[in-house]
Amino acid sequence: MLEPFKERIYVTRPVFPTIDEVTEKLRDIWAAKWLTNNGPQHTMLERELTDFLKVPCLSLFNNGTIALIVACQSLRLSGDVITTPFTFAATPHILNWNNITPIFCDIDAETMNIDADKIESMITPQTTAILAVHVFGTPCNVEKIQEVADRYGLRVVYDAAHAFGVELGNRGIGTFGDISMFSFHATKLYHTVEGGALVMKDNHVKQRIDLLKNFGIKNEEEVVMPGINGKLDEVRAAIGRIMLNYVESERRKRIRLHEIYNEEFADVEGLTLMPKVAADVKLNYQYYVVRVDEKIFGRSRDFVYDELRNYNVYARKYFHPLCSEFTCYRQLNSSRAENLPIANVVGQQVLSLPMYGDLDEDTVRKICAIIKSFRR
Ligand code: T4K
């Protein structure tokens, strides 16, 4: 038997800037005497991220969840919104917070994203939008989704929480749909500790979103809409500016680790690896996910997850349980398991393995050897 790791190996570890880099930026903030509410760091980061993500307009937020709540408000969405059950809890919850009913659509067996071919059959007169997720950074079928949305006059919002820096045919992934949300949570490839952004097509929409994230305050005399506090402060904006310098090196390290996982698992029957993407897709390699088919591998995903803990490896079952299984959504008609056959299988099989730049190659090889030793 292989020896357990001496220290816990988590599914991910945040990328840390050096203390010196942060101290230097803090000095700038102290000198400016400006801590939040649209300060200079915030302005500069918005500009830098607009370029980096190759998008027309961007608005920073204190986290991705508030950003998505505001996206729904800005588009005045109501009624029903078609979405995926295979995502983080925040995706359907932000609909609920807007008094919108999530309608769960099944997913594609390969990409694990919403199955664009099944959306049309779920549209009713109450449907106002499609909220799709580029899960694990794999792009959705954006063309098909837009085509269906255009035919029925629906809005398209993308939860691009996992898709920082992803490109499709040299276009930033955030340029598809009406609005996309990026999460800058500490566990993401790029982060601002907590934070997020909405990207949109033009300045007119940005102005409305900027008002919504600042209580709807237009000026000292006028409050023009019921906004919320979604602002990103100067300290986090400054950290975000530093972290932009780390994205490419972190991505490159993760590419190498992906290659090792793929190489080690290539001939293991019963493990499905990350989906293949078209040649014109630039991925960010944020997550590494496998699917364990118990019938072929001889062990269940839950067995692999539990047993890995005995070796001090803390993999995660992203995304199990499905959102359609949560107590707050399971009474919905669209949540019934027979309506979501693929999602229910994927949810039982999926396992996120450790993936972060500081992970060394030998550790990844040993994790693979441990998993392979479970096979029966
Ligand atoms: N939409 C989607 C599709 C999302 O995935 C998310 C967030 C959102 C929307 C909402 O965006 P935000 O409002 O968060 O901006 C984590 C993240 O907290 C969450 O942001 C993320 N998705 C989700 C997929 O993963 P947890 O509950 O798994 O996090 P946690 O605390 O268990 O952290 C995971 C591992 O990372 C830990 O086992 C250890 C390590 N870790 C974590 C933190 C915070 C560290 O080593 N250091 C740290 O500081 O949700």
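Taken together, the values in this text are just the output of simple stated rules run on the coordinates, not laboratory data. Here the structure is a predicted model, which means the values were calculated and not measured. All Cβ positions, glycine included, derive from the backbone under ideal geometry; neighbour counts span all protein chains shown.
Side notes on the structure shown:
- For the range 53-180, a crude dipole built from +1 on the beta carbon of Lys and Arg and -1 on the beta carbon of Asp and Glu, taken about the Cα centre, is about 440 debye to the nearest 20.
- Which of His191, Ser373, Val15, positive extreme of dipole for the chain (C-beta unit charges): Ser373
- Here's the list of aspartates and glutamates a cross-link from Lys317 could span, going by alpha-carbon distance under 12 Å and ignoring same-chain residues fewer than 8 apart: Asp302, Asp306.
- The dipole here belongs to the range 1-96: it is taken about the Cα centre, uses +1 on the Cβ of Lys and Arg and -1 on the Cβ of Asp and Glu, and is about 180 debye.
- Dividing the mean sequence gap of close Cα pairs (under 8 Å, 6+ apart) by how many residues the range 142-301 holds gives a relative contact order of 19 percent.
- Listed from fewest to most Cβ neighbours within 10 Å, the set Tyr158, Tyr356, Tyr287 follows the order Tyr356, Tyr287, Tyr158.
- DSSP bridge pairs, the chain: antiparallel proportion in percent, nearest 5: 55 percent
- Over 27 Å (Cα to Cα) - which of Lys118/Lys276; Lys231/Lys253; Lys54/Lys206 fall in this group: Lys231/Lys253
- Spin-label proximity, Asn245 to the range 12-51 - amide N less than 13 Å from point 7 Å beyond Cα toward beta carbon: 17-26
- FRET E, pair Arg151, Asn262, Förster distance 35 Å, beta-carbon r, rounded to 0.05: 0.35
- Rounded to whole numbers, the Karplus 3J(HN,Hα) couplings from phi for the range 167-179 are 10, 10, x, 6, 9, x, 4, x, 8, 8, x, 7, 9 Hz, using 6.51 cos²θ - 1.76 cosθ + 1.60 with θ = phi - 60°, and x at Gly and Pro.
- Mean separation of Cα contacts under 8 Å, 6 or more apart, over the residue count of the range 247-374: relative contact order %: 33 percent
- Note on Asn37 and Leu273: the model spin-label points, each 7 Å out from Cα along the C-beta direction, lie 5.4 nm apart.
- Estimated dipole of the range 19-245 in Debye, rounded to 20 [Cβ of Lys and Arg +1, of Asp and Glu -1, Cα centre]: 400 debye
- Calculated P(r) tail over 18 Å for the range 84-174, as whole % of Cα pairs: 42 percent
- log10 of Debye I(q)/I(0), alpha-carbon scatterers only, for the chain at 0.07, 0.13, 0.14 Å⁻¹: -0.32, -1.08, -1.23
- Residue exposure proxy: His42, His134, His93, ordered by other Cβ atoms within 10 angstrom of their Cβ from fewest to most, comes out as His93, His42, His134.
- Computed over the Cα atoms of the range 247-374, the ratio of the radius of gyration to the Kirkwood radius (Rg/Rh) comes to 1.00.
- Each semi-axis of the equivalent ellipsoid for the range 1-145 is √(5λ) with λ an eigenvalue of the Cα gyration tensor; in descending order they amount to 35, 26, 14 Å.
- Across the chain, Cα pairs under 8 Å and at least six residues apart give a relative contact order of 23 percent.
- Here is the list for the range 70-146: trypsin sites (Lys or Arg not before Pro) lying in DSSP coil, each with at most 11 other C-beta atoms within 10 angstrom of its C-beta, are Arg76.
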